[in-house]
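Heads up: the structure comes next, in structure tokens.
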Amino acid sequence: AVMSPSELLEKKKEHQRMLNRMKQKRLRHRYLLEKQQLQDQAQNLTERLSMIKVKDIIMFTTRKNLLNEYQSTRNLAQMLTEWVASTVPRTLSQLLAWVNTALFADREARKLGMDWYSQHLYHNTNRMVEFAGFPSDNKLADFNVVEVSNGKHNLIGRIQYTYDMPLEQTYEALKGRIWSALRGDTAPHVSEFLDQDLTHAIDKEMLYRRAVLSVDEANYYICRVFYSEDRIIFSIGYFFAEENTYVNVKAYAWFTQHRTLGGEVDLCYQFIPDLSYTDSQTLYSLRPEDRDLVYR
């Protein structure tokens, strides 16, 4: 006979109640078994401890107290070290000594310069992520004011988000949007790709482009992606000077995807525009195009 919906629902509930009773039965059995095992272990340890000499007990207790004191002192020293480090202003006196990089017109020099500069951006990733001051477990989208050197400050645009996916899947899901930003697809100014034969000779996943801002102003970007077992890094650097044209602005950005201990993936994006100001100056707002690049 065909059961009605209410009968089917009641049958499912009865089946679930039966499963719950079986679970409770197994749980009680395991509890009693573990209880008996613990009692047996306690009885065994009691018998063994009763045979230990008083002298041995004193030595054991003294050693344990010394270990506890050592651990306590070590924890205190670590806390004091972290506290002192947090009170010392971080500076970039030497960290960005390589930023005034020019790209020469000679073909071999251009190829070497592109490779060297993009590699330099990659190998400075850890230092720049640490300098940006990303929190360990927070998602954010903001600007962080940092001291560069000698009373001068700068802004770092920061975005951080955690994805509950493996690194490879996260990369596949985000690479289209990231490369779109690198190519300037969503930028307000037209981009022109330069020296494509040279960039492809260095790395197939690398590009060099010019974004024309006005008749007498343009930005030159070198973009490249680097892979390792636990992270994928997209680096962007502006050449300070291009021998074929004129002086460029300075700005840098990193997209970093890395595995966490929990199996998730953290995406950290930081953008550093060339907007240094001194303590005596008023902090001014970013231009719309700069703000768009940070939050795009």
(request) Would you please give the FRET efficiency between R26 and Q78, computed as 1/(1 + (r/R0)^6) with r the Cβ-Cβ distance and R0 = 51 Å, to the nearest 0.05? (result) 0.70
(request) Provide W254, W116, W83, W179 in ascending order of the number of other Cβ atoms located within 10 Å of each residue's Cβ, fewest first. (result) W83, W116, W179, W254
(request) Decide, for the stretch 155-226, between rounded, prolate and oblate: order the square roots of the alpha carbon gyration tensor eigenvalues as a ≥ b ≥ c, take rounded if a/c falls under 1.5, and otherwise choose prolate if a/b is larger than b/c, else oblate. (result) oblate
(request) Please report H15, H258 as a ranked list, fewest other C-beta atoms within 10 angstrom at the top and most at the bottom. (result) H15, H258
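What ranking of M114, M22 emerges when the number of other C-beta atoms within 10 Å of each C-beta is taken as an exposure proxy, fewest first?
Result, fewest neighbours first: M22, M114.
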(request) Using only alpha carbon positions, build the gyration tensor of the stretch 5-86, then give the equivalent ellipsoid semi-axes as the square roots of 5 times its eigenvalues, largest first, whole angstrom. (result) 51, 30, 4
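Roughly speaking, what is the stretch gain from H153 to K139, that is 0.36 nm per residue apart minus the C-alpha to C-alpha distance, in nm to one decimal? Each step should come with its number before you reach the end.
On the way: separation 14, 0.36 × 14 = 5.04 nm, distance 2.40 nm.
Taking H153 through K139 to full extension adds about 2.6 nm, to one decimal.
Laboratory data are not the source of any read-out in this text; all were calculated from the coordinates shown. It should be emphasised that the depicted structure is a prediction, and the values quoted were computed from it without experimental measurement. Here Cβ is always computed from backbone atoms with ideal geometry, including for glycine, and neighbour counts include all displayed protein chains.
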